[in-house]
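I have placed the structure first, in the form of structure tokens, so that the comments after it can refer back to it.
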Amino acid sequence: MSHLAAEMGQVLHVQLHSKAVPSSAADLVCLCTQPEDPTLERSFRGHKDAVTSVAFNHNMKQLISGSLDGCVMVWNFKPQLRAFRFAGHKAAVTSVAFDGVNGTIASGSKDKTVRLWQPSVEGRSSVLKAHTGTVRCVNFSADGKLLITAGDDKTVKVWSVPGQRFQFTFSGHSNWVRSCCFSPDGRLAVSGSDDKTVRVWDVTTRQCLRVYDDHSGFVNTVAFHPDGTCVASAGTDNAIKVWDVRSNQLVQHYAAHSGPVTNVAFHPSGDFLLSSSLDTTLKVWDLREGQLFYTLHGHEGATHGVDFSPAGDFFASGGADEQVLVWRTNFDRVMADCVLTSVQPNPRLATTYPTATGVTSPRPASAAPAPRIPRGLEGGGGAGPPANRTRSPSRPVPTIIATKPYHSVPSSNDYARPAAADAAEDLSSGPDARWACDSAEEQHDSQQQSVAFDDSDGTHEVFIPPPMNLADLPPALSATLQHIVGQLDVLTQTMGLLEERLTISEDKIHRLDKGVQVLKEQPSLGSTNSPKLHVA
């Protein structure tokens, strides 16, 4: 991997255990199920101060970021399209969120207002005023009908998005509220505050249901697990805690960073948690194993905001270096091409179940299913797994250092910071086709191999084709290939429209045929009736 990175001009260092060539079916299964490492895909530059928050557009065409420079930036993933800079706040932007239902962007600011933007060239926005202090966090409900905000006035407020009207307030915190969000079903809300507590609210009754006060410092961030039964929180005590909102128990604790944790985000699968910190690192936590999975060094300063894409295949981060970095996840998937028969269960993916003591263990075949907390949150987790927990052999924590996008351009073409008067920046920081192709480059440099083995059922063969590395091609050829891919996409969309129109035409012809048959039957009925009328 190191010499592959050197060939691409990328500063990338990964500390991993060696991967031997498989010599048996079991070895091949292990190789196929080993996760790939995250790769830095793109770097967006255009803010003039620290980036505080990031959010993906659900159509995966744009990325939104907020900054202390008071602007909201909408970055387009296609290099041909320029970014939108929304200027309307009179002070630093502390939080941004995207509504996947209505396509609206929300931003909170130190100017005590919330703005709702339309992600278009005009950048039109409406202002929501109710907070009497800095607005620290904004988040939409999953159905897009409600917006929740939190601020330095010690309150959490809920708004109606369609009418853009204030609805009600959650009161109970005794200090600034820095984070808030809805549960996936919208029935609950959670908030974290400088009063060192995490509060869970009932949206219907508007009452506080639970208070978690185990943090020894300010709570900077809270997030709901994708299945809505657990809450993660983190703050200035450098720790991450995961709570079960049904049993009110702390199910996992991580001594996470060497500095305050600024933000956390769950992977859509619920198996991983991403955290950012003032210690300049991003960390990925494996909630199934209860341990650190990756440490990422990409920013040149504190990291403030993180977010996973809706599908979980990418994640973004923002930091004090005024950059927005986009990473390809990779580790959340297994090589789909490795289809084997008689595959033994992978111990990393073995299901575990809670016991009476809260420590997880494999369920006996004859035992009845026991109630369990969400997948990925079994057991106590934290600095290390319980002593009697069933788990795979220890895995070294990879440390990834990346200072350029995975597909970086030559240094002579590196991006310069835009002028202050420039409203947007050309976002091309690598081939656009990089978003469409797999990150197979993170496998072995020479992967063209055919692995065969014999068993009682016969001979099975797995062929892993070599990756196509656009960075190794001449720029003109690479651009031509990208153009061809774009034209094929347009052709595919056109064919889809033609098929729809053809289907509609066929339906109309079918209805016309029925109408013609009915008309043909009417004269025959008239001819049979007319003689009867004549006789009468």
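The values are calculated or read from the model by the stated rules, or taken from the named source; none is laboratory data. All figures in this text were calculated on a predicted structure; none of them were measured in a lab. Note that we place each Cβ from the backbone using ideal geometry, even for glycine, and neighbour counts take in every protein chain shown. Areas reflect the complete protein model, heavy atoms only, side chains present, ligands, DNA and RNA absent. Shrake-Rupley method; radii C 1.70, N 1.55, O 1.52, S 1.80 Å.
Is it true that F182 is open to solvent by less than 30 Å² (accessible area, probe 1.4 Å) and of a type in the set (A, V, I, L, M, F, W, C)? Yes.
Determine whether S107 is within 24 Å of G319 (Cα to Cα) and either part of a strand (DSSP E or B) or open to solvent by 20 Å² or more (accessible area, probe 1.4 Å) (or both). So S107 fits the description; yes. Annotation note: Cβ proximity below 7 Å between a residue of segment 198-220 that is over 24 Å from H304 (Cβ atoms) and a residue that is open to solvent by 70 Å² or more (accessible area, probe 1.4 Å) and of a type in the set (D, E, K, R) (sequence gap 6+ or interchain) occurs for V203/R187; T204/R187; D213/K196.
One residue stands out in segment 258-297 among those that are among the small types (G, A, S) and farther than 25 Å from N139 by Cβ: the one that is most open to solvent (accessible area, probe 1.4 Å), namely S258.
Note on segment 262-332: enclosed strands (runs of 3 or more DSSP E) holding 2 or more residues that are free of Cβ contacts under 8 Å to residues at least 40 places away in the same chain and touching a strand residue (DSSP E or B) at 6+ places or on another chain (Cβ under 9 Å) are 282-286. Among the residues of segment 225-254, those that are open to solvent by 10 Å² or more (accessible area, probe 1.4 Å) and within 22 Å of G319 (Cβ to Cβ) comprise T236, D237, N238.
Taking segment 73-88 as the search range and keeping residues that are within 11 Å of G123 (Cα to Cα) and either at pLDDT 95 or above or touching a Leu at 6+ places or on another chain (Cβ under 9 Å) (or both), which one is surrounded by the most Cβ atoms within 10 Å (Cβ to Cβ)?
Here the residue is M73.
Just so you know, in segment 36-53 the residues that are acidic (D, E) and open to solvent by 10 Å² or more (accessible area, probe 1.4 Å) include one that is modelled with the lowest pLDDT, and it is E36. Annotation: T149 fulfils all but one of (1) surrounded by 21 or more Cβ atoms within 10 Å (Cβ to Cβ); (2) in contact (Cβ under 8 Å) with a residue 60 or more places away in the chain; (3) of a type outside the set (D, E); the unmet one is (2).
Only one entry in V161, V127, V121, V135 is in contact with a Leu (Cβ under 6 Å, 6 or more places away or on another chain) and at negative phi, namely V161.
Note on segment 33-77: among residues that are in a loop (DSSP other than H, G, I, E, B) and of a type in the set (A, V, I, L, M), the one that is nearest to the chain's Cα centre (by Cα) is M60. Note on segment 204-223: residues that are at positive phi and of a type outside the set (K, R) total 0.
Please specify each residue of segment 187-205 satisfying the condition of being open to solvent by 20 Å² or more (accessible area, probe 1.4 Å) and either under 17 Å from D153 (Cβ atoms) or out of contact with any Phe, Trp or Tyr (no Cβ under 8 Å at 6 or more places or on another chain) (or both). Answer for segment 187-205, where residues must be open to solvent by 20 Å² or more (accessible area, probe 1.4 Å) and either under 17 Å from D153 (Cβ atoms) or out of contact with any Phe, Trp or Tyr (no Cβ under 8 Å at 6 or more places or on another chain) (or both): R187, D195, R199, D202, T204, T205.
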